[in-house]
Amino acid sequence: MSAVMTDALYIRMHDSDNVAIVANDGGLKSGSVFADGLTLVDNVPQGHKVALTDLPKGTAVLRYNVPIGYALRDIPAGSWVHERLLEMPSARTLDNLPIATARPEPMPPLEGYTFEGYRNVDGSVGTRNILAITTTVQCVAGVVDFAVRRIKAELLPRFTNVDDVVGLEHSYGCGVAIDAPDAIIPIRTLRNITLNPNFGGEVMVVSLGCEKLQPERLFPPGVVPVVDKRSNSSQGPDVVCLQSENHVGFMSMIDAIVQTALPHLERLNARRRETVPASALVVGVQCGGSDAFSGVTANPAVGFATDLLVRAGATVMFSETTEVRDGIDQLTARASTPEVAEAMTREMAWYDAYLQKGLVDRSANTTPGNKKGGLSNIVEKAMGSIVKSGTAPISGVLSPGEKLRQKGLMQGLIYAATPASDFICGTLQLAAGMNLHVFTTGRGTPYGLAEVPVIKVATRTDLARRWHDLMDINAGRIADGDASIADVGWELFHLMLEVASGRKKTWAEHWKLHNALVLFNPAPIT
Ligand code: CA
């Protein structure tokens, strides 16, 4: 056997699986022989599946011990099992799901881990100290952008404890059916992002004046109690209205925004980091640009770190409804109570109906890049996505745009229902109160947010090598045999504490890579 042949490596996820994925960089040629004697009869790209046994037509093709499809014809052992050979199973109905049956062993608490964070009046903790300027409508985005540039150039150098000034710009606010029942989602998302722990409870708003989303609608009385207390005002947040008759000329608007920012910057600048327990972390986990390695390396390492965080008393949110839909039975089984399982089923049913309105289903999720990376369909993708959630019981569920703190859910593993779209999911996790973001990618994405640090985890060494100044952690070492899932999970856990403390910057922060906020608006546009 030649050296090349003995190097041939596949990764099988479960003893019952009848397919495995080719691990080698660049894939393997027909004729390659694996250590167990299996010989490839096709060329198989990296991350794509090989049949471990003969799979007669109709056989359930098992990966993660789950049928990811049925063989459309006889597939001999050693063949490339690509998406055209598989019939996708239909989604499991939401009836008769196992409810809170899993009862995982309680995990031992993990004590003594801390980070340096900014304590807020509401009990939350920031990992960055940022002035956010909320906008009620897209119309004001250009003006706010101009004002933010001036604040950064003229004021920020005086306030060395403030990390950044960010305009919360978005495409919502007018031209929308604001009384439609689902309009509550974009409205509460924007409201709750404004209250993200990284903004220190400082709320200032730029409004146009004639828009549908009036400042009082965005912040009804009592919604920003923290600010009320500090400014001894019962008027709610500071609002600069561009159509106000006081403004004559563009610079009058800019001056008003800059002047309004000043006291907020002064208060933010007076804050100092303090040692806080790791339980103050609120981590949103997400994947994007996934490949077949996502579910083998990066996502299991994130799942390991998720368990560590839960053991440390922290909060971890996993999301992406279309990417968990096919594993709903695993998740309702892991619910800590029947109410949690019911809430999770309700979110799935709502999303099924939402997709159905558009005449599609969850299979609309997979991208050309996913398929090129070896993921045949949404079932296979979902099985790899769910592992980010680790093994802890699921202790709560948030609907899109809801905030953890409002629901009294500030601990443990939470399902925050969101679309899988990277920027929409990130935007909704910000609204939920995320103060740190962990993002895995196999195909590669430069994703980053201005509002919270984003730690990016590569699924393959090849990606980590090429994108060495964009990826923060290389989980591909797991497939290479150079590190275990636990090794990378612990590395990620320690990096999270460093990044949360501001001692380390992520690559996305280094390059200031900031994706737009994209509000999820399932309601009609007018
Ligand atoms: Ca995603």
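Can you tell me how much longer the chain between D145 and R158 gets when fully stretched, taken as 0.36 nm per residue apart minus their C-alpha distance, in nm with one decimal? Don't skip to the answer; put the middle values down first.
Working: separation 13, 0.36 × 13 = 4.68 nm, distance 1.99 nm.
Stretched out fully, the D145 to R158 stretch lengthens by 2.7 nm.
Each part reduced to its alpha carbon centroid, the range 95-142 and the range 389-415 end up 9 Å apart. Annotation: the antiparallel percentage among DSSP beta bridges lying fully within the chain is about 40. With only Cα atoms counted, the range 396-526 has Rg and Dmax values of 15.9, 55 Å. Here, the range 1-89 has an Rg and a Dmax of 12.3, 40 Å when only alpha carbons are counted.
For the range 115-273, take every pair of Cα atoms, bin their distances at 10 Å starting from 0, and report each bin as a whole percent. For the range 115-273, the binned pair fractions read 11, 40, 37, 11, 1 percent.
Could you list F293, F199, F423 in order of exposure, starting from the residue whose Cβ has the fewest other Cβ atoms within 10 Å? Don't skip to the answer; put the middle values down first.
Values: F293 30, F199 26, F423 16.
Going from least to most buried by this count: F423, F199, F293.
Fewest-first ordering of F439, F493 by other beta carbons within 10 Å of each residue's beta carbon gives F493, F439.
Based on the Cβ-Cβ distance from R503 to R73, what FRET efficiency comes out when R0 is 45 Å, to the nearest 0.05?
Details: r = 56 Å, r/R0 = 1.25.
E(calc), rounded to 0.05, equals 0.20.
In vacuum, with every alpha carbon of the range 137-197 counted as one equal point scatterer, what does the Debye formula give for log10 I(q)/I(0) at q = 0.24, 0.27 Å⁻¹? Two decimals, please. Summing over Cα pairs of the range 137-197 leads to -1.03, -1.13.
Electrostatic tally near A431: other residues with Cβ closer than 12 Å to its Cβ, Lys and Arg +1, Asp and Glu -1, net +2.
At 0.36 nm per residue, and after removing the present C-alpha to C-alpha distance, how many nm does the segment from D329 to D7 gain when stretched out fully?
Details: separation 322, 0.36 × 322 = 115.92 nm, distance 3.77 nm.
Between D329 and D7, full extension yields an extra 112.2 nm.
For the range 282-511, the equivalent ellipsoid built from the Cα gyration tensor has semi-axes of 25, 21, 16 Å, listed from largest to smallest. Label positions at Q243 and D182, each projected 7 Å from the Cα along the C-beta direction, are separated by 2.8 nm.
Taking a point 7 Å from the Cα of M107 along the Cα-to-Cβ direction, the residues of the range 452-487 with backbone N closer than 17 Å to it are 485-487. Computed over the range 485-526, the P(r) curve from all C-alpha pair distances, binned at 5 Å from the origin, holds 6, 17, 14, 15, 13, 11, 9, 8, 5, 2, 0 percent per bin. Translational diffusion coefficient of the chain (Stokes-Einstein, Kirkwood radius from Cα pairs, 4 °C, 1.567 mPa s): 54 µm²/s.
I need the calculated FRET efficiency for the pair R271 and K357, taking r as the beta carbon distance and R₀ as 41 Å, to the nearest 0.05. If you can, show how the numbers build up before the last one.
On the way: r = 45 Å, r/R0 = 1.10.
The value I calculate is 0.35.
Coordinate-derived values only; no laboratory data. Treat the numbers as computed from the prediction; the structure is a model and nothing was measured. All Cβ positions, glycine included, derive from the backbone under ideal geometry; neighbour counts span all protein chains shown.
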